[in-house]
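Since the structure comes first, as structure tokens, the remarks are kept for the end.
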């Protein structure tokens, strides 16, 4: 906002000094100096004759102005032009003179010689007061909604709901509409506004916490001007410094930014502390962001109740905004409004992270494509909240087609053949004269159909107001002749009895219907899964074959040890009455399966007083009897001979 300042000074030296200081004030426009009281009153009267908006916001009156004394002149201005803030320049700064100046109608007193900081503070306060009076009189610009600019506080119900993204896009939308916009990162411990906009700046909101008087020069040093023209007051890089910002500092910072900028967006994050609680309380509009899931909606309800208990903000003064909205989710905005107990913004933000991840990873969210559905939804939200001008419908893209939100569907076949040609699909809904009634689950019901009534094609609207079901056929009735003779329209529903219909009488897909694009995506996913599974089959087969081969090797070790043990014991038994060697080999082979027996080598011998049996077996490859591995498994056992005395 540009502050017009009219100086009234008769001394030439004081005029030069004052003109120099006024020209250095930010966002100020010094007017031609009035050299006496008569010229000053005539100038104000001439401006007021046009409109109240043409009056200067501030008038600086020197104590030596004449011929009317300064206090009398201030009283005259206050009576005739109440929408002008008057500042008195005087050497006498005693409490008596200060009281007299306030009684006369002055909005501030500045001691001589004039200092820049004190003059800037008084001029800003006088201009803010003047704008408040003009809003009350209905003569202020529409861009202001408080004692200065419009302040919007964006708060998340819980972490990860997109609070920072929403705040940044609201600020960019306000700046793109030609308004002087600022963005304050009040998420003091983990603010990410600098990361979103690729900014590195040493100053932060914590640097303003210990300053009593936030002069325009001090504020200008702490604010970073982005390439987009957006003014940024960032969160501290060290999270522990966030404790320096208390509620008093937050109120002072928000008030100073409000007086300087037309639109101020505050990213309050999701954690409530004294600083962002004060920001939410001071904001003209509070936006509570949530996603359509149970945890986030519960967190939003807790946040609203917390604000009410702490008397920060009433529920009806909060606007809940739904992020990642989809018509396929069970939790719709109407249900969220009933649970949370706050109004819900008409603009919802779609769930389409693919449009965002490139810009987010690059740290340049300002480069997000204008055709992005997420960006269009957020800028529509900014227009709904009054932070930006309403969006204009795009006329077309590179391919000559408009955007998805602005494009009307093409006429149906009847229109092409020269008939009346009613629009089909979604455009038919947009051209209905009556607004469809809303169902309990967020669906829509045509106004002409009562609950349980039948629609076109014999379909019925159920009592919940959200799904069309096939009309029940009376018992004993048969299909009509036209249906039996194959007169069904091409593309009509051919599902069997008992199947839920997803098409509505007005031609729109019902809640259970899938769009063609989604159906194609699912079909493509099925093909991709088939290919991936086919590629994994050889790997799975190899792994199973290796496991089975390991089982065969272990089983071969077991067979070799058992055969050697049986052979040794048979040899000791046959040593007293027969051929121990033959008995040993025969017993060992008896305990071997045929696939292992054919290639088995058995050796029985006496070592001292012990009969020993060695068995060497070949391990089959996968299938016993087909082929063997190039190594053998050895098993050995021994049994002591029985003495003759025993």
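Values quoted throughout were computed directly from the atomic coordinates according to the rules given, and no laboratory measurement underlies them. A quick note: this is a predicted structure, and the numbers were derived from the prediction, not measured. Heads up, the Cβs are rebuilt from the backbone with ideal geometry, glycines too, and the neighbour counts pull from every protein chain shown.
Going by C-beta contacts inside 10 Å, put 282, 360 in order with the fewest on the left. Intermediate values should be presented prior to the final figure.
Details: 282 21, 360 16.
Final ranking by Cβ density, sparse to dense: 360, 282.
Going by how many other Cβ atoms sit within 10 Å of their own, how do 622, 97 line up, fewest first?
By the 10 Å Cβ count, ascending: 622, 97.
By count of other Cβ within 10 Å, fewest leading, how are 291, 38, 530 ordered?
530, 38, 291
How high is the relative contact order of the range 66-113? Use alpha-carbon pairs under 8 Å, at least six apart in sequence, and give a whole percent.
43
Taking every DSSP beta bridge with both residues inside the range 14-154, roughly what % is antiparallel (nearest 5)?
Approximately 10 percent, going by the DSSP bridge assignments.
Taking a ≥ b ≥ c as the square roots of the eigenvalues of the Cα gyration tensor of the range 525-605, is the shape rounded (a/c under 1.5), prolate (a/b larger than b/c) or oblate? Before the final figure, lay out each step's value.
Working: a/c = 6.75, a/b = 5.51, b/c = 1.23.
Cα axes put the range 525-605 in the prolate bin.
How big is the antiparallel share of DSSP beta bridges in the range 151-343, given as a percent to the nearest 5?
In the range 151-343, approximately 10 percent of DSSP beta bridges are antiparallel ones.
Assuming R0 = 45 Å, what is the FRET efficiency of residue 384 and residue 311, from their Cβ-Cβ distance, to the nearest 0.05?
Approximately 0.95, to the nearest 0.05.
For the pair residue 38/residue 195, report the inter-label distance in nm, with labels modelled 7 Å from Cα in the Cβ direction.
6.8
Going 7 Å from the Cα of residue 238 along its beta-carbon direction, which residues of the range 164-188 have the amide nitrogen within less than 14 Å of the resulting point?
none
Please find the FRET efficiency linking residue 552 to residue 606, where r is the Cβ-Cβ separation and R0 is fixed at 41 Å, and quote it to the nearest 0.05. Provide the component values of the computation, followed by the final result.
Details: r = 33 Å, r/R0 = 0.81.
Efficiency at R0 = 41 Å is approximately 0.80.
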